Amino acid sequence: MNQNIKNYALKRTLNGLIYVLPTVSDERLLNFAEKYVGSIAWPPGRDFMRAMLLQTKKYLPGLSKPAQKSAINFVSDALFYKGPLREAFERETGFSPPLVLVISPTVRCNLKCKGCYAGEYSKEEDLSEELVNRALNEAKAMGIFFVVISGGEPFSWSPLLNILETHRDLTFMIYTNGTFISADIAKRLSELGNAMPCISVEGFEPETEKRRGPGVYPKVLRAMANLREAGCLFAFSATATRENNELLVSNEFVDFYREQGCFFGWYFNYMPIGSKPDLEFVPTPEQREYRRQRMNELRSERRMLLSDFWNDGPLVGCCLAGGHSYLHINSRGDVEPCVFVHFAADNIKEKSLREVLESDFFRGIRERQPYGENLLRPCMIIDHPHVLRELVQKYRPHATHPDAEGILHELRDDLDGYSSAYAAISDPVWEREYAVPEDCREGRSSA
């Protein structure tokens, strides 16, 4: 009862902030951020928090009432209500539950994009609505409040909107190509309020249609317009390749998609996986470092909320895989440590989510994290490929598609070479900019 009263009071306070935020000057908001994140030593962390506050101030008042309510529920449940559930899980198991559950209920898609990990799975079956509901209920019981729906194209899976409505107490992020988001779909998402579509782009029209096909780009912009007009929170998702790496972190690119109404921007590094992995499509180590620098500049100068799943290792601590912060259930029910690591020891059709997290394979991954001191190199595929080889050798998970083992054998030397080349660039950056907290550097220099 006391917890319910506290949660109600918190939500009332957060409700009030919706009306107060627009009246607060940016300067006062940023001063608050300085005090709130004073313990975050790295400038990228501070800039991320500043961008989040400014973006929230800008977008929250314009959202539909259900979307505002969902945002409030997300903050209150994330920080308070779900805490006891997570604490109980940790007492019973000895480890914290993940923060995020990723589910790909289908790999059916109307597009065929180069380098899409989903394109390597069989399209013979989808997850049932019943099984997804069960997995989500198990996730909630351990205090997971944030769920990512991926694919395939999630909007081609007919139970999707039913799932969002059934689990109004969860916050969903949906990775989509955007081509199914009509005005009616956007209106329904606005009414539900608990889902944020992340629409895939490769740049502007030439780059997007080169990878995704002719006629896709106008549909992407129409989807964004539909979501914006309906008062939905949405974001862009961009895969950095050797061809578009610099464009994706240009002022022009970020400014354009912010003008379309994007609250957030997610960046992925192209990964050499699948039946025809193309290392020539992977950004070079030099390009990756350039993207890291530009991302920090964009967050600082443009105040845009951006996240790079490879270059932002310092912000999250290490690799997120294996249940440390997230795990992935594919369309066959195989539970993978990461959407890019196509190996699994268990299937959700046969075991509970908790049993999977307690498996030797997932425990073995978590015990190895972080894989090195330099958190700018968090990944077990392109930064520490020997770790993935050793884990597969030790725990013998099965490959979740026929060509998954290519990154262990055929690409072994290439991935080791890439890892070494990026280490030569990023290790000095780590030592110079990250290894020692900012407030300790002066003392270190004088020592």
Fill in: Length gained when the stretch Arg91-Arg363 is fully extended (0.36 nm per residue, less Cα-Cα span)
96.3 nm
Worksheet, complete the sentence: In this structure, among Lys65/Lys187; Lys112/Lys219; Lys349/Lys394; Lys140/Lys187; Lys69/Lys187, pairs with alpha-carbon gaps over 20 Å are Lys349/Lys394; Lys140/Lys187
Fill in: Where trypsin sites (Lys or Arg not before Pro) fall in DSSP loop in the range 288-317, at most 16 other Cβ within 10 Å
Arg302
Fill in: Inverse of mean 1/r across different Cα pairs in the chain, Kirkwood, Å
22.7
Response to the item:
In debye to the nearest 20, the charge dipole size for the chain, taken about the Cα centre with +1 at each Lys and Arg Cβ and -1 at each Asp and Glu Cβ, equals 1480
Item to complete: Go ahead and run the numbers for FRET between Asn162 and Asn110, Cβ-Cβ distance against an R0 of 35 Å, rounding to 0.05.
Response: 0.95
Worksheet item: Size of the range 122-217 along its principal axes in angstrom, Cα-based, largest extent first?
Response: 45, 33, 22
Response to the item:
For the range 125-196, listing trypsin sites (Lys or Arg not before Pro) in a DSSP loop whose Cβ sees at most 16 other Cβ atoms within 10 Å gives Arg168
Worksheet entry | Extension gain from Arg396 to Met52, taking 0.36 nm per residue of separation minus the Cα-Cα distance | 119.7 nm
Worksheet, complete the sentence: Using alpha-carbon coordinates alone, the radius of gyration and Dmax of the range 261-361 in Å work out to 16.6, 49
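Rule-based calculations on the coordinates, nothing more; no lab input. Because the structure is a prediction, the values reported are computed rather than measured. In this analysis, Cβ positions are derived from the backbone assuming ideal geometry, glycine residues included, and neighbour counts consider all displayed protein chains.
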